[in-house]
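The values are calculated or read from the model by the stated rules, or taken from the named source; none is laboratory data. Note that this is a predicted model, so its numbers are computed, not measured. So basically every Cβ, Gly included, is an ideal-geometry build from the backbone, and we count neighbours across all protein chains shown. For the accessible areas, the whole protein counts, side chains as well, though only heavy atoms, and no ligand, DNA or RNA atoms are used. Shrake-Rupley method; radii C 1.70, N 1.55, O 1.52, S 1.80 Å.
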Amino acid sequence: MNAVLKVDQIVKTYGTGRLAVDRIGFQVKEGICFGLLGPNGAGKSTLMKIISGIIQADQGSITLLDQPLATNRELIGKHVGYVPQDVTLYEQLTGRQNLHFFGKMYGLNGSQLKERISEVLEKVGLTDRANEPVMSYSGGMKRRINIAAALLHKPKLVVLDEPTVGIDPQSRNHIFEMIRQMKREGTTIIYSTHYMEEAEALCDELAIIDHGKIVAEGPLYEVLEQHALPAVYVEADGWNPPSELAAVSRIQAQNKGWLIEGENALQLLHDVSNDLLQSGHRVRALQLQQPSLDSVFMKLTGAALRDE
Amino acid sequence: MIISIFAKEVRLIFKDKSTYFWLFALPILFIVIFAAIFSNLSDNQGEAIAQIIPGYTVMFVFFIMISMVQSFLRDRESGMLARLRSTLMPPYHFLLGMWLPHVLVLIIQSTVLLGFGYLVYGLQLGNVLAVIALVLALAICATGLGLALSMIASSLNAAIGVVQLIAMGGAILGGLWFPFEMLPDAVQAIGRFTPQYWGLQGLQSAMINGSGLNVATVWQAVFLLLGIGVVGLAGAIALFKRYSSKGL
């Protein structure tokens with residue numbers, strides 16, 4: 001598979017001297033959903049704005065469809081659809097009027113524009129509400145039309161910056177389905193999110209960013225394999241993990257029980273079961289747990305609060 | 001793309017109900033009240049009308065600067081400007097597309113106010129072509145200044161203060177409230193540097209029936225107003241990068 005986007009050694013410093021992006025590089029293959037994960041202030045939005053041509057990088061280069069991106073506004077305008085983190089629409093105008101405006105900004109006209117408006121309205125499930133002002137829409141509907149505005153020109157790369165913040169499960173599910181459909185149609189997607197379960201559900205590959213640097217990158221399964229260990233979850237009345245358990249990497253309290261991580265999950269399960277049988281504690285839960293992206297994320301970025 | 005931005009902005013302006021109050025209802029209310037007061041005080045009602053209606057038309061024209069600042073701040077703070085940078089829209093299309101609707105608004109406002117004066121108070125329009133030229137020049141002057149202010153204003157409240165200073169200060173000094181000749185010499189000397197003075201002098205020269213068209217005053221007013229407007233526009237173009245970089 002060809003790389004649609006190549007990001008190479010990008011550096012961006014803001015006027016205050018804050019280093020937002022520090023020599024980041026990665027490649028995004030055609031037709032995949034690439035996740036950009038990271039805590040607040042990690043540099044995700046800055047990176048997405050650089051890829052979308054909104055701000056310029058101080059150093060490094062980006063290649064889109066084998067062409068250098070810097071200063072090539074036509075390349076960006078034709079092939080990139082940027083969906084900002086905030087809903088950026090004219091609330092007094094109808095959904096259709098907003099789409100008409102954005103379509104014009106992407107260079108569409110006449111019957112082609114009309115056709116595309118109908119298609120994207122269908123795609124986001126808002127055909128029947130298209131002639132109502134955006135201010136009358138629910139949060140989820142606004143998010144959907146916000147995405148629709150970036151799809152009018154059939155971009156090859158769609159950049160979605162936290163598109164599901166603060167919406168209902170139905171709208172979230174609809175957005176997920178749209179993304180899967182876009183992938184099936186060959187569109188490449190860059191998806192930024194705080195929600196690890198979203199990344200697990202949608203992303204084929206991902207990069208975890210912290211303090212402007214990539215701390216993990218690759219296909220989802222590889223990142224999990226590299227950075228997470230299988231674990232056993234135990235919940236038993238009055239039971240504490242014994243210190244002599246073999247091959248344990250980490251033990252942590254979780255919910256009402258304990259999460260015990262180790263290289264050999266079966267051995268761990270065996271040892272814990274034995275201990276529970278011998279000690280006679282009442283067991284409420286004992287299960288193998290798959291490595292989760294959430295635990296990898298917390299392990300790599302730490303638990304410290306990031307309030308930007 | 002300029003036409004699309006223009007059409008969108010016109011739509012937004014006229015969808016806002018408060019537009020009709022600030023552009024038409026309030027100026028007409030001022031005209032009606034002050035026409036009633038000064039018509040009783042003056043022996044010559046025609047003179048009072050020829051002072052009040054063009055005077056308040058010129059004064060209210062400059063308040064467009066507030067809605068210009070509001071529109072530009074809205075698009076920057078909502079992230080719209082940043083989003084549009086990822087489209088094919090050239091930056092100067094945004095500037096022109098946002099500016100021209102306000103010129104149109106002022107043409108409509110001036111037409112309504114002068115038309116109201118003509119229909120209700122029998123205001124003499126004199127040389128209509130000269131009046132049109134002056135209205136256009138006034139619109140370019142006020143919106144040129146408004147565009148420059150929009151590029152530097154960091155908040156609406158700060159901009160309102162500046163606009164009040166320009167609009168009210170200019171109205172007093174430029175003789176919009178009282179005949180210019182009645183003002184003290186020192187005020188008159190300063191007043192000649194205000195666009196409001198030239199706007200009113202030009203309109204009165206073009207309109208007052210009987211005295212004939214003072215072509216020199218009209219042209220002088222048109223060129224001075226256009227000059228101020230062009231300086232404002234040039235300043236806005238120079239400051240556009242500063243304005244847009246703040247929203248990224």
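Answer yes if at least one residue in the range B:109-127 is hydroxyl-bearing (Ser, Thr, Tyr), more than 23 Å from B:Ala25 (Cβ to Cβ) and buried (at least 23 other Cβ atoms within 10 Å of the Cβ), and no otherwise. Break it down stepwise before answering.
Restricting attention to the range B:109-127, the residues satisfying the condition of being hydroxyl-bearing (Ser, Thr, Tyr) are B:110-111, B:118, B:121.
With the extra rule that they be more than 23 Å from B:Ala25 (Cβ to Cβ), the set shrinks to none.
The answer is no, given that none of the residues of the range B:109-127 is hydroxyl-bearing (Ser, Thr, Tyr), more than 23 Å from B:Ala25 (Cβ to Cβ) and buried (at least 23 other Cβ atoms within 10 Å of the Cβ).
Of note, A:Leu89 satisfies the criterion of being aliphatic (A, V, I, L, M), more than 7 Å from chain B (Cβ to nearest Cβ), closer than 23 Å to B:Glu77 by Cβ and within 26 Å of the chain's Cα centre (by Cα). Scanning the range A:133-149 for residues that are open to solvent by 10 Å² or more (accessible area, probe 1.4 Å) and of a type in the set (A, V, I, L, M, F, W, C) yields a total of 2. Counting only helices (runs of 4 or more DSSP H) that fall entirely inside the range B:1-120 and contain at least 3 residues that are within 14 Å of chain A (Cβ to nearest Cβ) and in contact (Cβ under 8 Å) with a residue 12 or more places away in the chain, the qualifying elements are B:2-15, B:64-77. Screening A:Ile62, A:Ile54, A:Ile50 for residues that are touching a helix residue (DSSP H, G or I) at 6+ places or on another chain (Cβ under 8 Å) and under 20 Å from A:Pro163 (Cα atoms) leaves exactly one candidate, A:Ile54. All of (1) away from chain B (no Cβ under 13 Å); (2) at pLDDT 90 or above; (3) within 27 Å of the chain's Cα centre (by Cα) hold for A:Ala130 with one exception: (3).
Checked against the criterion of being within 12 Å of another protein chain (Cβ to nearest Cβ) and under 29 Å from A:Val28 (Cα atoms), the candidates A:Lys104, A:Lys123 yield just one match: A:Lys104.
The set of residues from the range A:215-238 being buried (at least 22 other Cβ atoms within 10 Å of the Cβ) and closer than 21 Å to A:Lys29 by Cα comprises just one member, A:Val223.
From the list B:Leu23, B:Leu81, B:Leu104, B:Leu100, which one is under 14 Å from the mean Cα position of the chain (by Cα) and surrounded by 21 or more Cβ atoms within 10 Å (Cβ to Cβ)? Result: B:Leu23 is the single residue among B:Leu23, B:Leu81, B:Leu104, B:Leu100 that is under 14 Å from the mean Cα position of the chain (by Cα) and surrounded by 21 or more Cβ atoms within 10 Å (Cβ to Cβ).
Out of all the residues in the range B:206-217, is one or more hydrophobic (A, V, I, L, M, F, W, C) and open to solvent by less than 30 Å² (accessible area, probe 1.4 Å)? Looking through the range B:206-217, at least one residue is hydrophobic (A, V, I, L, M, F, W, C) and open to solvent by less than 30 Å² (accessible area, probe 1.4 Å).
Within the bounds of the range A:93-102, is there any residue that is among the aromatic types (Phe, Trp, Tyr) and in contact with a Leu (Cβ under 8 Å, 6 or more places away or on another chain)? Full working, then the answer.
In the first step, residues of the range A:93-102 are kept if they are among the aromatic types (Phe, Trp, Tyr); the result is A:101-102.
If we keep only those that are in contact with a Leu (Cβ under 8 Å, 6 or more places away or on another chain) too, we end up with A:101-102.
Scanning the range A:93-102 turns up at least one residue that is among the aromatic types (Phe, Trp, Tyr) and in contact with a Leu (Cβ under 8 Å, 6 or more places away or on another chain).
Counting residues in the range B:130-143 that are open to solvent by less than 20 Å² (accessible area, probe 1.4 Å) and over 19 Å from B:Val103 (Cβ atoms) gives zero.
Taking first residues from the range B:179-200 that are assigned to a loop (DSSP other than H, G, I, E, B) and partners that are not small (Gly, Ala, Ser), the Cβ contacts under 6 Å between residues at least 6 apart in sequence or on separate chains come to B:Pro179/B:Gln51; B:Thr194/B:Leu173.
Filtered by the rule that a residue be more than 9 Å from A:Ile10 (Cβ to Cβ), in a loop (DSSP other than H, G, I, E, B) and within 13 Å of chain B (Cβ to nearest Cβ), the range A:34-62 gives A:Ser52, A:Gly53, A:Ile54, A:Ile55, A:Gln56. Within the range A:70-86, the set of residues being open to solvent by less than 50 Å² (accessible area, probe 1.4 Å) and at the interface with chain B (Cβ under 9 Å from one of its Cβ atoms) comprises A:Ile76, A:Gly77, A:Val80, A:Gly81, A:Tyr82, A:Val83, A:Pro84. Scanning the range A:96-132 for residues that are surrounded by 14 or more Cβ atoms within 10 Å (Cβ to Cβ) and not in a helix (DSSP H, G or I) yields a count of 7.
When residues in the range A:44-62 are screened for being open to solvent by less than 20 Å² (accessible area, probe 1.4 Å) and under 13 Å from A:Val80 (Cβ atoms), 7 of them pass.
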